[in-house]
Amino acid sequence: MANLTTESRPVRYALTAVALLFLFLFLLLPLIGVFWEALHKGWQLYLTALVEPEAWSAIKLTLISAAIAVPLNLVFGVSAAWAIARFDFRGKSLLTTLIDLPFAVSPVVAGLMFILLFGANTAVGGWLQDHGLQVIFAVPGIVLATVFVTFPFVARELIPLMQSQGADEEQAAIVLGASGWQTFRKVTLPNIKWGLLYGVILTNARAMGEFGAVSVVSGHIRGETNTIPLHVEILYNEYNFVGAFACASLLALLALVTLLVKSLVEWRLHRQQQASTLRTAEARLQAAQP
Amino acid sequence: MSIEIRNIRKQFGQFTALDNVSLDIAAGELLALLGPSGCGKTTLLRIIAGLEKPDAGQVLFGGADATHTHVAERQVGFVFQHYALFRHMTVFDNVAFGLSVKPRRERPSAEEIRERVMKLLKMVQLDWLADAYPGQLSGGQRQRIALARSLAVEPKVLLLDEPFGALDAKVRKDLRRWLRELHNDMHITSVFVTHDQEEALEVSDRVVVMDHGHIEQVGRPDDIYEHPATPFVTQFLGDVNLFHGRVDAGQLTIGSYEQALGQHQDADGDAAVAYVRPHDLDLTLQADGALAQGRVEHIHAVGPVVRVELQQADGQTIEAAVSKERFRALGIVPGDTVYVTPRKLAVFLKDAAGQQDYVI
């Protein structure tokens, strides 16, 4: 059957081939390379590289900063998106622009900003240090930098979604007597959950993978202020390729796992809806019978 | 429950949506707010619901001031133009929502909720769709579910914002009749917004015609149709022909046409406009006592009524609607010259009418 709306067969094949080739060269091949380099001297060495104290400390620090940055930006992103999509207020466009700032600023500059603000020789940093809180070249600085660079992901994902969905359903819920919190939990949240999940996945990936800003504020103290990406760089510079790629493979694995989780959840939801469609079709048939 | 609206004002920036509007709605009444888009009817409805705050004025429910009562506590049912069903919930959960969010001590048991929801779904004849998601329903079905959902909490007042606006003509007619019957059974005070004059006139007990943020006329449908109070109402309620003339001491003169009016006795040669509906114009072939004459341009003979378009010498178009029998008796064809005589006209003096040419 001739289909009038698609291109001819050779064009379609050529386009598909170009896309696949590109994906292979720029995504798949490097990924295979990472795992190959990490594993080609055997499992034993791979595992040793991961459990040695400095690597282990880097993994822990990465997990901690992600565990703080992701929930913070989740709450902030949802509030910001809610405010921007649902209300009109003075300075709304300014807020929208500010949310994008971390994308616009180079991560290295972002790191330097925190040094200028919280460094030991500055007023704020000095005062904090006198009260026993070191920010720069310590864990708080790394968390701050991570929060900063992952700031926009959730809000950016949710604002267009919430704007396109409109406020009708929320208003309907409130008219029906639901409280603000009930409305959020039972109506808003289910409607934005996919965008939110995606935003969280992106935030998490960036939080664990951030290099530039964290590199500036961390001070690269081994076993103390190194995150996985920083640790990878150090090992690589020391020609410890197996160690470097073993840690890198962890980050890559994380990306693969999040994608897998997302596909799984999507698949389950799809099945639920199919089941409902089926039940509805059956009910329709039954209703049609006398 | 009765509703009183007292001197409500609402501005959106520079735009005045409602300008000092007052209105009494009797308990158990089905009232239509009718007007063109931007006339303030939806804003008024949302203020009654509590979804919008008035800049000034009061809303009273059953005599008690409800101006500052939160939406959730007003006990109103609201039906949105685009249904606003919760898309991630089944039809059953949608209808049960209002009951299931009640505080624990007021909430009926799961069994009671189930019973009430199924009763409502039976009432809207969609109990077999309890398991479906809104995305699987047709527009008419969605709107009936939305109505069932709003009725589940037993509201004191039912508010409907262009409830049939997004539906096709056939479904709209059915739902209209259905809403009327439903109201006859339940007698809940209901207000619905529409820009469709036919809908307003057919369904409601009383119609409120609005324009530019104020009320033009309030009355029973037949009353409003037969005795429109302003040129705007006359024009908005249906097709109408305009004839410009003068009124002197209750005597209307348009060209050579003269007619004694029961009104405007103190008019002193004032400029006036006579409005005549197409079906109130008769076509004749005699010039005696005719209001105007014109050349037949088009004849639309579909249906029981024949619509004839005439062009006057000055280029103005007149539309007349005559019965098929009358049309056959006249035997007119395009190009003929015919005369029109009015059976009934609504005359408004120009200064009293304010601006004359409405764009609808």
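The values are calculated or read from the model by the stated rules, or taken from the named source; none is laboratory data. For clarity, every value in this text was computed on a predicted model and none was experimentally measured. Positions of Cβ are backbone-derived with ideal geometry, glycine not excepted, and every protein chain shown enters the neighbour counts.
Scanning segment B:67-87 turns up one or more residues that are away from every other protein chain (no Cβ under 14 Å), out of contact with any strand residue (DSSP E or B) (no Cβ under 9 Å at 6 or more places or on another chain), free of Cβ contacts under 8 Å to residues at least 40 places away in the same chain and not charged (D, E, K, R).
Would a scan of segment B:20-29 turn up a residue that is within 14 Å of another protein chain (Cβ to nearest Cβ) and either within 20 Å of the chain's Cα centre (by Cα) or of a type in the set (Gly, Ala, Ser) (or both)? No: zero hits.
Across segment B:127-161, the number of residues qualifying as more than 9 Å from chain A (Cβ to nearest Cβ), among the acidic types (Asp, Glu) and either under 20 Å from B:HIS88 (Cβ atoms) or surrounded by 21 or more Cβ atoms within 10 Å (Cβ to Cβ) (or both) comes to 1. Segment A:96-192 holds helices (runs of 4 or more DSSP H) entirely within its bounds, and those carrying 2 or more residues that are surrounded by fewer than 15 Cβ atoms within 10 Å (Cβ to Cβ) and within 14 Å of chain B (Cβ to nearest Cβ) map to A:180-183. In the set (1) more than 20 Å from A:ALA55 (Cα to Cα); (2) at pLDDT 90 or above; (3) more than 14 Å from every other protein chain (Cβ to nearest Cβ), A:SER215 fails one condition alone, (1).
Counting only strands (runs of 3 or more DSSP E) that fall entirely inside segment B:259-306 and contain at least 3 residues that are in contact (Cβ under 8 Å) with a residue 60 or more places away in the chain, the qualifying elements are B:268-276. Is it true that B:ILE332 is at pLDDT below 90, among the hydrophobic types (A, V, I, L, M, F, W, C) and outside the structural domain of B:ILE215 (by TED's automatic domain parsing)? So B:ILE332 passes the test. The condition of being charged (D, E, K, R), surrounded by fewer than 16 Cβ atoms within 10 Å (Cβ to Cβ), outside the structural domain of B:PHE348 (by TED's automatic domain parsing) and closer than 22 Å to B:SER323 by Cβ holds for only one of B:ARG295, B:ARG307, that being B:ARG295. Residue count for segment A:197-240 satisfying the condition of being of a type outside the set (Lys, Arg) and part of a loop (DSSP other than H, G, I, E, B): 13. A:LEU128 meets all of the listed conditions (1) more than 22 Å from the chain's Cα centre (by Cα); (2) touching a residue at least 60 places away in the same chain (Cβ under 8 Å) but one, namely (2). Just to be sure before I move on: is A:GLU54 in contact with a helix residue (DSSP H, G or I) (Cβ under 6 Å, 6 or more places away or on another chain), in a helix (DSSP H, G or I) and surrounded by 14 or more Cβ atoms within 10 Å (Cβ to Cβ) in the structure I sent? No, not satisfied. Scanning segment B:122-131 for residues that are touching a residue at least 12 places away in the same chain (Cβ under 8 Å) and farther than 23 Å from A:GLN272 by Cα yields a total of 3.
Within segment B:100-125, if we keep just the residues that are in contact with a helix residue (DSSP H, G or I) (Cβ under 8 Å, 6 or more places away or on another chain) and facing chain A (nearest Cβ under 9 Å), the residue that is surrounded by the most Cβ atoms within 10 Å (Cβ to Cβ) turns out to be B:VAL101. Of all residues in segment B:48-66, which are within 14 Å of another protein chain (Cβ to nearest Cβ) and farther than 17 Å from B:VAL191 by Cα? The answer is B:LYS53, and nothing else. Within segment A:254-282, the residues that satisfy the criterion of being within 24 Å of A:LYS60 (Cα to Cα) and exposed (fewer than 14 other Cβ atoms within 10 Å of the Cβ) are A:LEU256, A:VAL257, A:LEU259, A:LEU260, A:VAL261. When the residues of segment B:44-84 are filtered to those that are closer than 21 Å to A:GLN165 by Cα and touching a Lys or Arg at 6+ places or on another chain (Cβ under 6 Å), the one that is surrounded by the most Cβ atoms within 10 Å (Cβ to Cβ) is B:TYR83.
Of the set (1) within 14 Å of chain A (Cβ to nearest Cβ); (2) part of a strand (DSSP E or B), all apply to B:GLN217 but (1). Taking the criterion of being of a type outside the set (Val, Ile, Thr) and surrounded by fewer than 11 Cβ atoms within 10 Å (Cβ to Cβ), the residues of segment A:1-21 that qualify are A:MET1, A:ALA2, A:ASN3, A:LEU4, A:SER8, A:ARG9, A:PRO10, A:ALA17, A:ALA19, A:LEU21.
Scanning segment B:188-198 for residues being under 13 Å from B:TYR225 (Cα atoms) and touching a strand residue (DSSP E or B) at 6+ places or on another chain (Cβ under 9 Å) gives a total of 1.
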